[in-house]
Structure formats: C-alpha cells, structure tokens
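Asks: Below: one structure in structure tokens.
The values are calculated or read from the model by the stated rules, or taken from the named source; none is laboratory data. Treat the numbers as computed from the prediction; the structure is a model and nothing was measured. With ideal geometry, Cβ positions are generated from the backbone for all residues, glycine too; neighbour counts draw on all protein chains shown.
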There are 2 protein chains.
Amino acid sequence: MSAAQISAPTAAAPAHKIRVILADDHPVVRDGLAAILNRQPDMEVVAEAADGEEATELYNRHQPDVMVLDLRMPKRDGVAVVQMVLAAHPHARLLVMTTYDGDEDIFRCLSQGAKGYLLKDSPRTEILSAIRAVSEDRPYASSSVASKALQRMAKPSLTQRELGVLQLLAEGRSNKDIARRLSITEGTAKTHVKAILTKLDAISRTEAVAVAHKRGLVRL
Amino acid sequence: MSAAQISAPTAAAPAHKIRVILADDHPVVRDGLAAILNRQPDMEVVAEAADGEEATELYNRHQPDVMVLDLRMPKRDGVAVVQMVLAAHPHARLLVMTTYDGDEDIFRCLSQGAKGYLLKDSPRTEILSAIRAVSEDRPYASSSVASKALQRMAKPSLTQRELGVLQLLAEGRSNKDIARRLSITEGTAKTHVKAILTKLDAISRTEAVAVAHKRGLVRL
DNA sequence: CGGCGCCTATCTCAAAAGGGGTAGATCGGC
DNA sequence: GCCGATCTACCCCTTTTGAGATAGGCGCCG
C-alpha cells in the first residue's frame, strides 16, 4: 500500500480540516499524536489537555470535530469525561485510547456513546483511520477489541455490589473486613464473594483477583 | 528557570550532536520523543526500534551516545536489553523509561548498569535533562524514583524462590498447587508463603498479592 | 399482579490458610 | 572452620475460606 493513499484519503483538497483536541496526561504522547496529525493535510490539532478536567473545558471552548481521549487521566478519567461531554454535546465525536486491551472501562465508554476505541500501540495508519472514521460519525474499534466484546457478551457480568466487594477483595481484605466496611454481616459478604467466584470461574479469592486484574475489572 | 538555559545547556554551539536511539513499541511514543529531541540543536535521533531485539541490533550497528529504552517491550524486555548491550559495550549509556513508578524492574536495570531512569509522563524538560545527563555519563533518576529507592532499601527483599512462589500466588494458585508445580511438599510451600507474608507485611495471601502488584514484584 | 434480579441473611460442614516454633542440608563468605 | 542465608520439611493449633442450600424484602417490568 502507498503512504500517499493514506495521507490524502477522500478528497484531494479537503473543504475544511478535521479539528482535533488531544487529551492525554503524557506530554510525549501528546507530542507524538500532534506530530502525526499535523503531517496530514486534512487534520488540525486545535488544543491539548493534560487531564480530564482540562479536556472537558477545552471541548466546551473549541467544540472540535473529534476529541482523542486517554482512558486513564488525572482528576477525571476517560469514562467521566465521556459522560460529561456527551451530556452537554450529544453529538460529540469521541475517540477513546488506552494502553491495554482488556480494560473493562473501554466498554463503559463505548456503551455511553464514545464513537471509537483505539490501542496506544496502534500503528500510525490505524490511528489516522480511526480519527477519520469518527469524524464522519462512523464507529471504529481496534480488531482486538471487537473480538473481546464478543467474548465478554457470553460471560456473566458482575452487579454493582459485587464490583464493590471485588475491589476490596483485590486490596486483600478479609470477609470480616469487607463486611465492616460495607456495613453488612460477614455472612452476606461471603455470599457476595461466592457469587463473584462463580461468575469469574475462580476457585479461590486470590484467583478471582487475578482474573479481575486481567479483565480490567479492578485497578490498583 | 529559563527554558533557554535548558535548551542550550553547556555550549552555545555543540561540537557534535548527541546521537540517540529510541526503543519503544508504541509508534506514538517514538514520534513524540523524536519530535521533542529533533527540536533540540544538540540532539539527533539516529534510529528507532519497536522491540527489544531490534534495539539490541540497532545499538550494535549505530553505537549511539545514548539509547532510550522502554522497560516493557515485545520479544525482549528492557532488563534483558540492558544486560545484552552492556555485555557487548560496557560503557553504553542507557536511559530506561517506563509508565509506572513502583516497577521493581527499574531497580534491576539500574543495578545492572543503566545510567538513568525516567517516567513516561515526565515533562519535556525533564526528558531532555535526563538525556543530557546520561550522555555525559552522569546518572539520572526521577525524583519519585530516588525516594522509592530509599524506601526499598529499608524493606526486606524476597529470595528468588520466594519470588517464584509469589508469582504463582498472584495467579491464584493454592499451596497444594504451588507445591506440585515446584516439586516441593505442601508444607514447604506454606513455609515460603509465610515468609512472603512476613516480608511484605501482609495478613493474607490476597493482600500479599496486592502489595506485590503495587511494588511491581509480579506481572500479570 | 406475578415474576425476576438483587441484596440481605442464615445454616452446616469440609478444606484451606495462617501463626508459632523447630530443624537438617547446602552453599558462600569471613 | 564457623556463621549466616536459603531451601527444604515437619509439628500443633486457630482462623478463614469455600461449597451448598435456603429464604425474606425490595424494586422493576411486562
């Protein structure tokens, strides 16, 4: 394939450039994305945000065609930014980006209306394709994520309560400790833990935590 | 402090540019670093590697002044690259970079002779300072890492065997399972687990795994 | 209204994990 | 040669965890 074909995708002379905001807490990543996008004749980086709060503000101020959002950011994470921006701008086109596939929050973002999802280790061409797709209101997802989405559908999902218990489980708390923190009896805590073990197909709490980490259900 | 002072550090007209190789599996990060470095009058990116094997090869071919190395890469991780490059070139100046502080492998790299360590979310000026320091054979470490190094000294370290047991622990294995896999008795496995709990100051195996994750002693 | 899912709570019983201490074998360094 | 660290292994005893079953209260939806 030729690079020229990718660089000048739909029209030889674009009517207007795709206006993009970048939101990522790593200066290096912002510079890298900016360098890639600014080489394109049909794209323009209009602002950069270093955290979630800034991302929300800058979206309101600039109303870009696309915002590229890191999932994990200080102050306000990707999920929260997606919620807040879409509440104010229902037609906002958001492309969520993260380091790890398998992060459960991807699905939270997509189900809340983010238009696309991208892995940070994607090649440049894929990043550009994704931005162009999202800018035209077409959905985009890395293939590795699309397949995970299907796997995930099959598996039973945890309730909110169970996710809370799982978080404490991952911190190494005992049943008694979990019960105290959630103001329930130890017996009930055990009931929740048993449900978690069943749903995650784990034999022990420690294995459940390992599975939860792999699936991105909990964070450190 | 002025930016000019940082940009033109020692000499107004550098006798020769600092030749740098970048090794990171994320194209975006490579582009970002390249963009930052190529803006400097005293630096030059001579090659880029997308994995550990490539990094080793390119070092041998180009013999740069500094190689910036991601800790986690496909095929050969940062620790292995540090070992192999230093075996062939004992005076190589390597700057290790990673996303997370608290990664135990940082200390493995540094103790094996890497000259500096840097967090990926560092500001541009810090990245440049680090590269200049390392190029002059001066050590460099992010302040957050320097403080962790001290904390770490105080705490007891795990033996090789214990690290092996800890890895299995983190995968959710039972004592019986651990014993089978390591060809030791269950009683011995319990002895190791008890030692781990004591050293990590944890009450339960699950808490020990949580601590191990935080300290980067195990990986998923 | 009748389910259905969720949270709560209880019971019993077996298995696993954890706390304490002891001790032989091996290996490397002072 | 002796000491210390490590790996191995065992003892006893208590606490925690996990399997299985059951059930009331509550809110939501067809």
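A quick yes/no check of all residues on (1) crowded, with 19+ Cβ neighbours inside 10 Å; (2) farther than 21 Å from B:A35 by Cβ; (3) within 14 Å of another protein chain (Cβ to nearest Cβ):
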residue	(1), (2), (3)
A:R39	no, no, yes
A:M43	yes, no, no
A:H62	no, yes, no
A:L71	yes, yes, yes
A:P74	no, yes, yes
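Asks: Taking A:L166, is it within 14 Å of another protein chain (Cβ to nearest Cβ), modelled with pLDDT under 95 and buried (at least 20 other Cβ atoms within 10 Å of the Cβ)?
Replies: no
Asks: Tally time: how many residues in segment A:168-192 are within 9 Å of DNA strand D (Cβ to nearest atom) and under 18 Å from B:E171 (Cα atoms)?
Replies: So the answer is 3.
Asks: Select from segment A:183-207 the residues that are hydrophobic (A, V, I, L, M, F, W, C), more than 7 Å from chain B (Cβ to nearest Cβ) and within 21 Å of A:E104 (Cβ to Cβ) and list them in ascending order. Working first, answer last.
Replies: Step one: filter segment A:183-207 for residues hydrophobic (A, V, I, L, M, F, W, C), giving A:184, A:189, A:193, A:195-197, A:200, A:202-203.
After this cut, where a residue has to be more than 7 Å from chain B (Cβ to nearest Cβ) as well, the list is A:184, A:189, A:193, A:195-197, A:200, A:203.
Hits for segment A:183-207 are A:V193, A:A195, A:I196, A:L197, A:L200.
Asks: Being under 24 Å from B:A35 (Cα atoms), modelled with pLDDT of 95 or more, in contact with a Leu (Cβ under 9 Å, 6 or more places away or on another chain) and within 13 Å of another protein chain (Cβ to nearest Cβ) is the requirement here; does B:L128 meet it?
Replies: yes
Asks: Please tell me if B:V211 is more than 13 Å from DNA strand D (Cβ to nearest atom), buried (at least 17 other Cβ atoms within 10 Å of the Cβ) and within 10 Å of chain A (Cβ to nearest Cβ).
Replies: Yes, satisfied.
Asks: Among A:A179, A:A130, A:A189, which is the only one that is free of Cβ contacts under 8 Å to residues at least 40 places away in the same chain, touching a Gly at 6+ places or on another chain (Cβ under 7 Å) and crowded, with 17+ Cβ neighbours inside 10 Å?
Replies: Numbers: A:A179 fails: touching a Gly at 6+ places or on another chain (Cβ under 7 Å); A:A189 fails: touching a Gly at 6+ places or on another chain (Cβ under 7 Å).
None of the other options fit; the residue is A:A130.
Asks: Looking at B:T188, B:T198 in this structure, which one is near DNA strand C (Cβ under 9 Å from one of its atoms), modelled with pLDDT of 95 or more, over 22 Å from A:L166 (Cβ atoms) and within 27 Å of the chain's Cα centre (by Cα)?
Replies: It is B:T198.
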